[in-house]
Amino acid sequence: MFRRTPRHAAAVVLCLGAAAITLTGCGSSGKKSGGGGSHGSKHYSVAFIPGATGVAFYETMGAGIKAEAQKLGMSYSTQGAADFTPAAQTPVVSAVCSRAPSLLLVAPTDPAAMRPAISRCMSEGVKVVLVDTGLSNTSGIVSSITSNNIQGGEAAGKVIGKALHGHGQVSLMSLSATATTQVQRLEGAREELKKAYPGISVVSTQYTQQAPTSSETTARSVISGHPSIGAFFGAAEPNAEGTAQALVATGKKAVNVGYDAAPPEVTLLKKGEISALIIQQPAREGRLGVEYGHDALTGHTSQIKAKVELPNVVVSTAQAGSASARKYYYTGTG
């Protein structure tokens, strides 16, 4: 499990109504290693394994990885599984590592279950950088790069608390009960609600599958079981989308806060069917991962940070069409 790091100065701020939410974290060193993908006569390659395929967050991250790899003269490849599960991801890691890339960027789907496959990869001499999600045991890992997930969850709790005026019921959704990002986001939301909005109770925590239809079915069930539900927070990309579909279908009015900024989510945000999104910087994560991996391969280890948490951005429906918000939406092009 990632440890929490000290909070630094404000990094990215967007106003939500009359209030401003500031999320902080540590970013890139801003220092690029010299040279290209070849060190002497050796050519370097980077492989990327996302948590799941067909996800705008990972597609945008992959575009950032590819761009940085090309900049450094490295070859790039990617392979993944459709399901965000260790059972689906483990054989992908094994297959990719059998091709002996110089550098592997991987988003582990479980902090413990994915360690053996990744360890075998490292034992073959492959440098490994974790992106997005992490491992409990990071021994031998070049760097772990993610968003500041605790603060992202806290920001969601703040949005919900203000929207409900401090009173009501909330349901939490996630893709995984163990993936580090998911655990931390829900933890942050719970902490914020408990600390600042004790009149709001979390009445349900649900885990869904990758498809938005799973979140829709789950949200419908929550609405049926808790008719007074006032808000939903989804810690993963498909959660808010599925919840929006459930709210429209049932005619239920509720605050709907989600994570990420895939095109379908942005469309729903602009329509007001999603109230606010907590947005990450996936292309930046990917670029930094390649930078650190290349530094490790070329011996510039003093430039590498073992752990990085990048800031999130909060965007509400009222801000959805602004230029300051649009630059953070996921495009799949980095």
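Distance between the pseudo-spin-label points of residue 119 and residue 98 (7 Å out from Cα toward the beta carbon): 2.2 nm.
Between the C-alpha center of the range 254-308 and that of the range 136-155 there is a gap of 12 Å.
Counting only lysines at least 8 places from residue 194 when in the same chain, those with an alpha carbon closer than 27 Å to its own are 158, 162, 252, 253. Other residues lying with their Cβ under 15 Å from the Cβ of residue 272 contribute a combined charge of +1, Lys and Arg counting +1, Asp and Glu -1. Each 10 Å bin from zero up to the one holding the largest Cα-Cα distance in the range 149-279 carries the following percent of pairs: 15, 52, 32, 1. Mind checking the angle between helix 282-298 and the chain's longest principal axis? C-alpha axes, 0 to 90 degrees, to the nearest 10. On a 0 to 90 degree scale, this one is about 20. Cβ under 11 Å from residue 230's Cβ, residue 230 left aside: what net charge do those residues give with Lys, Arg +1 and Asp, Glu -1? Once positives and negatives cancel, what remains is +2. Computed from Cα positions, the angle between helix 212-225 and the longest principal axis of the chain comes to roughly 30 degrees. Ordered by the number of other Cβ atoms lying within 10 Å of each residue's own Cβ, fewest first, 220, 326 fall into the sequence 326, 220. What angle do you read, to the nearest 10 degrees and between 0 and 90, between the alpha-carbon axis of helix 56-71 and the longest principal axis of the chain? Compared with the principal axis, the helix lies near 30 degrees. Determine the shape class of the range 282-323: with a ≥ b ≥ c the square roots of the Cα gyration tensor eigenvalues, call it rounded for a/c under 1.5, and otherwise prolate if a/b is greater than b/c, oblate otherwise. Note, shape of the range 282-323 comes out prolate. Each Cα pair under 8 Å and six or more residues apart adds its separation to the average, and for the chain the resulting relative contact order is 23 percent. A P(r) calculated from all alpha carbon pairs of the chain, with 10 Å bins opening at zero, reads 6, 28, 34, 21, 9, 2, 0 percent.
Across the range 221-334 the C-alpha pair distances fall into 10 Å bins from zero in the proportions 13, 37, 24, 16, 8, 2 percent.
Any read-out appearing in this document is the output of simple, stated calculations on the displayed coordinates, not a laboratory observation. Computed from a predicted structure; not experimentally measured. Here the Cβ is made from the backbone with ideal geometry for all residues, glycine too, and neighbour counts use every protein chain on show.
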